[in-house]
Amino acid sequence: MQASDTDFRPPPAGHIGQPLERVEDAALLRGAGRYADDVACREGTLHCAFLRSPHPHARLLEVDAREALALPGVHAVLTGEDVLRWSSPFVVGVKQPMEHWCLAVDRVRYVGEPLALVVADSRYVAEDALELIRVRYETLPHVVSIGDAIAAGAPVLHGKVGSNIVAERSFRYGEPEAAFAAAAHRIGIDISYPRNSCTPVECGVVVAEYAEQDGSYDVLSNFMGPFSLHAVMALALGVPGTRLRHRSPRDSGGSFGVKQSLFPYIVAVCLAARKARAPVKWTEDRLEHLAAATSATARQTRLEAAVAADGRITALDYDQIDECGAYLRAPEPATLYRMHGALTGAYAIANLAVRNRSVLTNKTPTGLVRGFGGPQVYFALERLMQRIAAELGMDLPELYRRNFVRTFPYRAAAGALYDSGDYAAAMSLACAQGGWEELRTRRQKARAEGRLYGIGCAAVVEPSISNMGYVSTALTAAERARAGPKSGAIATATVGVDPLGAVSVIAASTPAGQGHATVLAQIVAETLGLAPDDITVNLELDTQKDAWTVASGNYSSRFAGAVAGAAFLAAGRIRARIAGCAARELGAPQAELVFANGRIFPRGEPQRALSFRRVAGVFHWSPAQLRAGETPALRETAFWSPESLAAPDDGDRINPSAAYGFVFDLCAVEVDRDTGRVRIDRYVSAHDAGRLLNPMLAEGQIRGGFAQGLGAALYEEFAYSTDGAFLAGTLVDYLVPTACETPDPVILHMESPSPLTPLGAKGIGEGNNMSTPAAIANAVADALGVRDVTLPLTPQRVLELLGEAEPPPPAGLRQPHPAAGTNVLAAEGSVTIAASPEAVFAALTDPQSLARIIPGCSGLQGIAPDRYRAEVVLGVGPVKARYTAEIALSALQPPHVLCLEGRGESMLGAAHGKGTVRLEAAGAGTRLSYDYRTEVTGKIAAVGSRMLEGAARGVIAGIFDRLAVLLQAPAPERAPWWRRWTGRTGGGA
Amino acid sequence: MKRYVAGEKHAVAFTLNGRERQGWCEPRMLLSDFLRQQLGATGTHVGCEHGVCGACTVLINDEPARACLTLAVQAEGARVDTVEGLHDGAGGLNDLQQAFRRHHALQCGFCTSGILMSCEAFLRHTPCPDEKQVREMLSGHLCRCTGYAGIVKAILEVAASRREASHA
Amino acid sequence: MDGADGGWCVKPPVFDYLRVDTVDEAVELLAKYGEDARVLAGGQSLLPMLNMRLAQPRVLIDITRCAGLDRISAGGALEVGAAVTQAALERRGTLQAESPLLARALPHISHFQVRSRGTVCGSIAHAEPSAELPLVLAALNGSVSLRSRKGRRELGAGAFFTGMLATARRADELVEAVRFPLAGQGERQGFSEFSLRHGDFAVVALAASVTPARIRLAVGGVDDRPRVVEWPRLSGSALDDGLNELAWSLDARNDPHASARQRRQLVRRLGRELIGVLCA
């Protein structure tokens, strides 16, 4: 950092800190945004669609694209063979022989994994062609939970790794064992954080072109960094970084970290362009986004605290297991390490033990999702704080007060350097202005009336500006030494003045709606004495032309602290150079010059002013007039990296972020005992993010983060069935809060400027993603009086936690189905058939009659004894799919028992059903009872999970109804209990 | 009866923001794609293509419609209005657009076009909405950036000012 | 195993689109294409299925410009034509008096932006087990008017709904109109719904009509179609017992968002509240 960079501090009454309306809005409100999908493509650009696995785990035996290629309008099909020929697996931060390619090459490892890509004239035709690709799979056993993945004998996803645990490290800071031994209390919590995502409304877009003349790739996409991943892509494509040109469009429809996960798709589309010899465009659709883009990392934590009699916490012991999906994809295992240096949270705790494991499962790979690593840690830590208060019978604010860090800067046990703050004051602000006492009175009154009312808190140290070296904490010191140290968080911005004195700003910040252009205009305008409207900001980033480096991009809340700071430094240099020129012309000391309203004058002598435009023009029009040695023209690029961000030291201490803000949240909820619905009565969020550059935008970040935190707390989950099927493939299944579910939080501010960033600003974008799930969960746990809660706290979960006994069915009615867990598609039932068990058994085992009773079956073709191949059309109502199926009979015990199994694949996914059929003589006929379990994976499970159980029951019941009809029985008397019921009461149905 | 044969391109014409426009498409082409790809009207955004997110909401004969749940051929001869048609009469932002800016009712702006179009229809049918009605209308749109607070404020403010203007 | 897998599509497959001007044309086409044709009115249920390629009809028959199908008339019943949107019915000035239940239920259907296109008959023809309009039709013991080349037939709601997304409509028939009986003198109607978010499909929806002589209660979202019971004026523990018996008698579904048990609880609790209000 140059000394002159820090000499200049802007006057207090400038544009910085004002709630300036956004310069971005005028275009966006007119529909004149330039999002990736809006940018015009070159004539001849083709479109593509991905073929994705319906199976959680299968060997790929054959991918036959001949029929697809024969379809008019189809230009190419990219498969694993091309990928093996033209690219390399992605590099990742841990040393493991795990291969991750941009398309599956020999195995698929999660539902939705891309395995082929069709290039066609339009997306419509490309989708037509997907239906014509024939794939032969051999399904393999799968693992979906952390417990299953680490169990002895678990199916292993990557044979060469030999285990699903792909990274493991243990850490120790201070004297944790001694602290635990000496503590009056040992209080722990076992807790899990689910998979979810912030799902931007705009999905991914990639346009790629291959240049045969030099083997280079030119890409336009809404990938937003970190640009360290540019290196990962270039290495996968086998080109120098300069031959992977990446351009970012002006506007992005939201990212929240999520668009980091585009990078494997960028490589795939590059290869498709190479194969098709034409530019290729891919617009990710919502179904593939939800199923296969990315997810926040699920985590299982055992956290224990050593607590003194007075409530002071003297040590923490974490055992964390991250569930990273089918591949460890860069920057994972970073979710475990972003918070590593700050695992002691807002508390002065000197002793810490940590065990970290990253495990793989047959699910979509995880990655950046706003809050990254924070929600996982704080959900455990802040739930534990509530438990400690409860077990000690201590007032929660008092517990916080006794444990908060008090003096700054503060070096946390594992290495984080908290730069500034006053945590106790922020809590007092929240409690005083948020009405802590009033809420307690309200709770008391509600409880007296038998209502369920609870209060929760969360205290969160909010990191910003990530240290590029923190991920290397996953390696041992020796491994790090071999790999070479990594550190820093370089930010870049360029300020230029053109020959007519117009000012432009360029920065490598790839914004996604946060208002970067507005803030940069404010900063540069203030520095140069201009109006924000005078500043033109262009944040389209071109890696072949613009200044950027590995830390560039839109993540880790790095804009306000780092990028805005770099722009401030660049503008300061421009100002200094212009001031030097003006000082000579005015014969006044440079330090005495005032820049205001587009003019430059010695302090107190505005009548002597020179115009900014004229002085700046000298640098372009008449360099000979400049001081000897002065650079002609006016353009300055500042690179800034926080000095506090070093590589991890030999004791594994790491300062993972440059700045640390603080959030204290208060939440009061009421739970409806009848429905399980959680209503937020009040939410208060107090923030200290250092100096606020634009308070309106800062509040926008808080409200947005709060809404997403609310979603994570109460609504959102990427649910999988135990069969490995993904169940949240539409926005009807993945529940994002709407305006009706999102209350308006009370927002409070403090400003403790950071001494370590150029403008004193810190990040503010992720705090509520970290604090809100914990605060709401604490409030719900308090309302219900339960120890453990699971996110999201859906009405169903809340009712389970309430645990009220269900009134039993009245005599004569039995429970229609066994108490199956959600997601398990089990069906059982019975029919009475007017034929002997022998006749029924014969019908079930005869291929001709079997073909007639299987709905939509056109005929069975024998492939082995009691094994048949068939084309079967299954579905409900208008939803139908043609399955290529195998049907097998087994365990035959004529005429009493047989096992009937079907397995098939269709355009809508894969289905497997297996069940036992029992026949008993009943009067002159037969009572047939069946018991089925079905598994459905792929698209139909992802988009139709709401209907699956009903549909499966209908299909299976249909088989036996048809059997009864076939045997010319009277209408089958299945046992739908409602019929007896309605018959008794005379009501129609 | 009019027949549009599968796989063939047919002329489709309608009035877009007051101007007659025509393009060619297969019967299966969605109105959202037709607007963006055939007519270059990229202000209407596509977010889910199953009718939930609301980003593609346009007005067809003055009533809101998901362009992703409408075939282009269904709009033949209709009046279609999109965000590009909103202005104050002199090329500037209209009162609703200005209120969105003032209340920081947009961040990434991707959902905004659809919300603005919904609001125009909503305020015509419900000139005196309360906050609950505004939120219920907005529940047909997903915004991931703002937490909706600024949007609600902007709509309530414009409803009030339009009422005042109509009484004056 | 081998087989075509298909992608996670969002663009419709190919089909012929036929825009008819008369109902006669529509039923001619239905007679010709049968199962291969789907009727397109508002498209709010059909288009998502087409976009995801869950349904692949060869022919779409757009009936929205047929003369006469956009009419609502009130004789002995409120008759709603096949092209009438949910919004048009919702905005009918006399609806509250004619059918308080419809007036209460309509705002629960999806969203403002969907009701403006979605039709009343389309929702009933789709027979989604959690949808509001099939439930209201069943609760009011309304009927569906089916038209084919061979003529018309009228089916009561109980006979019309046959299962999940399944009805007694034959492939050559058009749902030409539906009829909701008008509220009688002294009849009180009410609606109650629990959904996860505003506008979502109901986890449980209840529609009730109470007269001095009886309680009629319809339940949606639980079984594969709306289910209806009729009771004398029960109250107190008899009502609780009735609701419990009703809850257990339904073939309640589990899905990732709501369990069968939760649905039974909602039937009991929401039912108690709704009937309590209507009988007060």
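The values are calculated or read from the model by the stated rules, or taken from the named source; none is laboratory data. Not measured: the values here are computed from a predicted model. For neighbour counting, all protein chains shown are included, and Cβ atoms are generated from backbone atoms with ideal geometry for every residue, glycine included. These area figures cover heavy atoms from the full protein model, side chains too; ligands, DNA and RNA do not enter into them. Shrake-Rupley method; radii C 1.70, N 1.55, O 1.52, S 1.80 Å.
What average count of beta carbons from other chains do you get within 10 Å of the Cβ of residues in B:149-160?
If you average over the peptide's residues, the count of other-chain Cβ atoms is 2.
Along the positive direction of the dipole of segment A:303-424 (beta-carbon charges: Lys, Arg +1; Asp, Glu -1; about the Cα centre), which of A:309, A:390, A:373 reaches farthest?
A:373
Could you give the C-alpha radius of gyration of segment C:72-181 expressed as a fraction of 2.2 N^0.38 Å, taking N as the number of residues it contains?
So segment C:72-181 has a normalised radius of gyration of 0.98.
Normalised by the empirical 2.2 N^0.38 Å for globular proteins, what value does the Cα Rg of segment C:238-279 take?
Numbers: Rg = 10.9 Å, N = 42, 2.2 N^0.38 = 9.1 Å.
The value comes to 1.19.
Filter the trypsin sites (Lys or Arg not before Pro) in segment A:513-578 to those in DSSP coil with at most 12 other Cβ atoms within 10 Å of their Cβ, and list the result.
Hits after loop and neighbour filter: A:545.
Within chain A, what is the longest stretch that has no GluC sites (Glu not before Pro) placed in a DSSP loop and near at most 11 other beta-carbon atoms within 10 Å?
Result, exposed sites excluded: A:213-448.
Taking the 0 to 90 degree range and rounding to the nearest ten, how far is the long axis of helix C:23-33 tilted relative to the main principal axis of chain C, both from C-alpha atoms?
So the inclination is approximately 70 degrees.
Convex hull over the Cα atoms of segment A:825-985, averaged projected area in nm²?
9.8 nm²
Would you list A:88, A:752, A:771 from the most to the least accessible area, probe 1.4 Å?
Sorted by accessible area, descending: A:88, A:752, A:771.
Using 32 Å as the Cα-Cα cut-off, could you pick out the over-long pairs in A:160/A:939; A:363/A:486; A:259/B:153; A:160/A:259; A:545/B:9; A:160/A:275?
A:545/B:9
At residue A:540 and residue B:90, where each label point lies 7 Å from the Cα along Cα→Cβ, what is the point-to-point distance in nanometres?
3.1 nm
Only Cα pairs under 8 Å and at least 6 apart count here; give the relative contact order of chain A as a rounded whole percent.
13 percent
Need the list of lysines near residue A:281 for cross-linking: C-alpha distance under 16 angstrom, and skip anything on the same chain fewer than eight residues off.
Those lysines meeting the cut-off are C:11.
Suppose a student asked you for the relative contact order of segment A:782-938, using Cα pairs under 8 Å spaced at least 6 residues apart; what percent would you report?
Value for segment A:782-938: 21 percent.
Considering all alpha-carbon pairs of segment A:490-640, what whole percent are spaced by more than 25 angstrom? Present the calculation step by step, with values, prior to reporting the outcome.
Details: 3307 of 11325 pairs.
Looking at segment A:490-640, the distances longer than 25 Å represent 29 percent of pairs.
From largest accessible area down, sort A:907, A:233; use a 1.4 Å probe on the protein chains.
A:907, A:233
Just read off the accessible area of residue C:231 with the full protein assembly in place, 1.4 Å probe, to the nearest 10 Å².
10 Å²
Only residues of segment C:209-231 count here: report those whose backbone N is under 15 Å from the spot 7 Å along Cα→Cβ of residue C:279, or say none.
C:209-218, C:229-231
Please report, largest first and rounded to whole Å, the three semi-axes of the ellipsoid equivalent to segment A:569-698, where each semi-axis is the square root of five times an eigenvalue of the C-alpha gyration tensor.
51, 24, 13
Based on DSSP H runs of at least 4 residues, each adding -39500 (n - 2.57), what is the mean residue ellipticity at 222 nm of chain A after dividing by all its residues, to the nearest 500 deg cm²/dmol? The partial results should precede the final answer.
Numbers: 26 runs with 281 residues, N = 989.
Value at 222 nm, helices only, nearest 500: -8500 deg cm²/dmol.
Restricting things to alpha carbons, tell me how big segment A:755-865 is in terms of Rg and Dmax, in Å.
Rg and Dmax of segment A:755-865, Cα atoms, are 28.2, 88 Å.
Enter the mean projected area of the convex hull around the alpha-carbon atoms of chain C, in nm², rounded to one decimal.
16.1 nm²
Between residue C:171 and residue C:241, what is the spin-label point distance in nm, taking each point 7 Å from the Cα along the Cα→C-beta axis?
Label-label distance for residue C:171 and residue C:241, simple model: 5.0 nm.
Residue A:385: accessible area at probe 1.4 Å, nearest 10 Å²?
0 Å²
Would you check the accessible area of residue A:934, probe 1.4 Å, heavy atoms only, in square angstrom rounded to 10?
Residue A:934 exposes around 20 Å² with every protein chain in place.
Taking amide H positions as placed in the peptide plane 1.01 Å from N, state which residues far from residue C:176 in sequence (5 or more) or on other chains have amide H under 5 Å from it.
Under 5 Å from the amide H of residue C:176: C:145, C:146, C:147.
Taking segment C:90-120, which trypsin sites (Lys or Arg not before Pro) meet the DSSP loop condition and have no more than 14 other C-beta atoms within 10 Å?
Values: sites: C:91, C:92, C:104, C:115, C:117; in loops: C:91, C:92, C:117.
For trypsin sites (Lys or Arg not before Pro) across segment C:90-120 that sit outside H, G, I, E and B with at most 14 neighbouring Cβ atoms in 10 Å, the list reads C:91.
Probe radius 1.4 Å, ligands and nucleic acids left out: which of A:948, A:928 has the largest accessible area, and how do the rest follow?
Descending order: A:948, A:928.
Kindly provide log₁₀ I(q)/I(0) values, in the same order as q = 0.06 Å⁻¹, from the Debye equation applied to equal alpha-carbon scatterers of the protein assembly as shown.
-0.57
Output wanted: per-residue J couplings in Hz (rounded whole) for segment A:937-948, from phi through Karplus 6.51 cos²θ - 1.76 cosθ + 1.60, θ = phi - 60°, x for Gly and Pro.
10, x, 4, 5, 6, 5, 9, x, 4, 4, 9, 4
Averaged over its residues, how many other protein chain Cβ atoms are within 10 Å of peptide B:58-66's Cβ atoms? Show your work: numbers first, answer last.
Values: counts 1, 1, 2, 1, 1, 8, 8, 7, 9.
What the average comes to for B:58-66 is 4.
Roughly how large, in nm² to one decimal, is the mean projection of the convex hull of the alpha-carbon atoms in segment C:16-62?
3.1 nm²
Charges at C-beta only: +1 for Lys and Arg, -1 for Asp and Glu. How large is the resulting dipole of chain A about its Cα centre, in Debye rounded to 20?
My answer is approximately 200 debye.
Report the calculated FRET efficiency for residue A:214 and residue A:929 (r = Cβ-Cβ distance, R0 = 56 Å), to the nearest 0.05.
0.20
For residue B:71, list long-range residues whose amide hydrogen, built 1.01 Å from N in the peptide plane, is under 5 Å from its own amide hydrogen.
B:31
Dipole size in debye (nearest 20) for segment C:16-62 around its Cα centre, Lys and Arg Cβ +1, Asp and Glu Cβ -1?
300 debye
Using only the Cα atoms of segment B:121-164, what semi-axes does the equivalent ellipsoid have when each is the square root of 5 times a gyration tensor eigenvalue? Give whole Å, largest first.
Working: eigenvalues 69, 26, 12 Å².
They are 19, 11, 8 Å, listed from largest to smallest.
When only alpha-carbon atoms are used, what values of Rg and Dmax, in angstrom, describe segment C:189-279?
Spelled out, the Cα radius of gyration and Dmax of segment C:189-279 are 12.4, 40 Å.
Any idea what diffusion coefficient segment A:370-464 gets from Stokes-Einstein, in µm²/s, Kirkwood Rh on alpha carbon pairs, 37 °C, 0.692 mPa s?
On the way: Rh = 15.2 Å.
D, rounded to a whole number, is 216 µm²/s.
With unit charges on the beta carbons (Lys and Arg positive, Asp and Glu negative) and the dipole taken about the Cα centre of chain A, which residue among A:77, A:347, A:761 sits farthest to the positive side?
A:77
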